[in-house]
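Please treat every number below as a calculation from the coordinates, not as lab data. All values derive from a computational prediction rather than experimental measurement. Cβ atoms come from the backbone with ideal geometry, glycine included; neighbour counts cover every protein chain shown.
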Amino acid sequence: MARIALIPGDGIGPEVLAEAEKVLGRISEIEDLPLEFDRWPHGADRYLETGSGMEEEEIRRLGAEYDGILLGALGDPRVPGNEHARQILLGLRFQLDLYINLRPVRLLDRRLTPLRDIREEDLDLVIFRENTEGVYVGMGGVFRKGTPQEMAIQEDVNTRFGIERIVRAAFEHARDHDVDRVTLSDKANAMEHAGGLWRRVFQEVGEEFPDIEREALYVDMLAMDLVRRPSRYRVIVTGNLFGDILSDLAAQLAGGLGLAASANLHPGKAALFEPVHGSAPDIAGSGNANPLAAILTSALLLRHLGRRAAADRVEAAVRGAIGANETTADLGGALTTAETGDAVVRRLDSAA
């Protein structure tokens with residue numbers, strides 16, 4: 001029995017997570033995969049009621065007692081500073097040491113890309129984003145705030161330990177998936193100290209994988225080249241900030257954030273899975289939210305549980321629904337959120 005914690009969160013989070021849970025429930029029946037779901041009420045409502053996003057002991061329990069955590073979305077205009085979202089999401093990432101932010105990007109239907117003359121097989125990559133360091137650690141401060149002389153400093157934290165483990169994870173993924181090149185992205189020409197450390201570690205770890213080519217590209221160059229020739233890239237490894245930017249860019253090339261899944265991992269330990277589209281409060285409750293990112297995220301959860309065949313079936317069902325235009329309006333369909341989830345379940349049933 002695999003225990004899964006569900007955190008619906010805010011905005012469209014409960015709507016898309018309901019469809020992911022529906023799909024997981026059906027695939028668990030088809031594949032004889034016992035799953036137990038526990039719903040956690042954490043989000044803006046609880047924060048406004050209690051003043052707490054998530055306590056340290058709750059984070060410990062989530063990491064220790066569950067095989068996976070599935071998060072819908074966080075963000076609510078009633079909490080303009082998104083304090084609860086930082087407490088929950090960054091709290092889980094940092095306190096559970098989820099150092100791998102895994103962002104697979106795959107073009108499921110060529111109609112969805114804004115690029116010209118791109119085939120489905122031309123866009124199939126994964127980004128390994130370092131998830132616990134960089135500018136997101138919050139080191140820095142403001143001096144003379146509110147005056148004409150105000151100064152803000154935000155520190156970019158990079159450790160050899162943190163870089164080595166994310167780089168090694170990228171190379172191991174490439175080896176396990178028969179990928180012959182790993183690309184490092186940085187800004188070493190402008191950030192010579194951080195970039196220099198990343199490049200030295202990348203070279204040292206890469207030497208342990210002699211059959212895999214390694215290259216290092218400045219982040220602006222890589223952003224440009226991803227648009228120009230995405231087929232060249234299969235595994236990209238980078239820091240927290242650049243990974244955040246590049247993964248959203250790549251997701252848009254594949255059809256947008258409505259299809260963007262992600263996993264936050266510490267191999268052998270805790271795992272958090274979330275679609276990355278945000279809470280979209282302006283369409284919450286309208287039935288227009290695209291659940292496919294959440295459903296594809298549930299496929300990543302299945303892979304984490306070691307159920308590759310089940311994950312493949314879910315992804316194939318999503319691909320089939322897109323091909324038949326059984327989607328929400330953002331992808332050109334005319335279905336509601338729940339109807340799109342039902343369409344994926346029907347395809348699971350028809351393939352059973």
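Name the shape class, rounded, prolate or oblate, that the alpha-carbon gyration tensor gives for the range 102-259, where a ≥ b ≥ c are the square roots of its eigenvalues, rounded holds for a/c under 1.5, and otherwise prolate holds if a/b is larger than b/c and oblate otherwise. Oblate is the answer for the range 102-259, as a/c is 1.5 or above yet b/c matches or exceeds a/b. Take the Cα of residue 189, step 7 Å toward its Cβ, do the same at residue 135, and the gap between the two points is 1.9 nm.
Nearest-5 percent of antiparallel DSSP beta bridges in the chain?
40 percent
The alpha-carbon positions of the range 217-327 define a convex hull whose volume is 143 Å³ per residue.
Compactness of the chain, taken as the C-alpha radius of gyration over 2.2 N^0.38 Å, stands at 0.99.
Comparing Cα centroids, the range 80-119 and the range 208-253 end up 15 angstrom apart. Using just its DSSP H runs of length 4 or more, each adding -39500 (n - 2.57), the chain gives a mean residue ellipticity at 222 nm of -12500 deg cm²/dmol after division by all residues.
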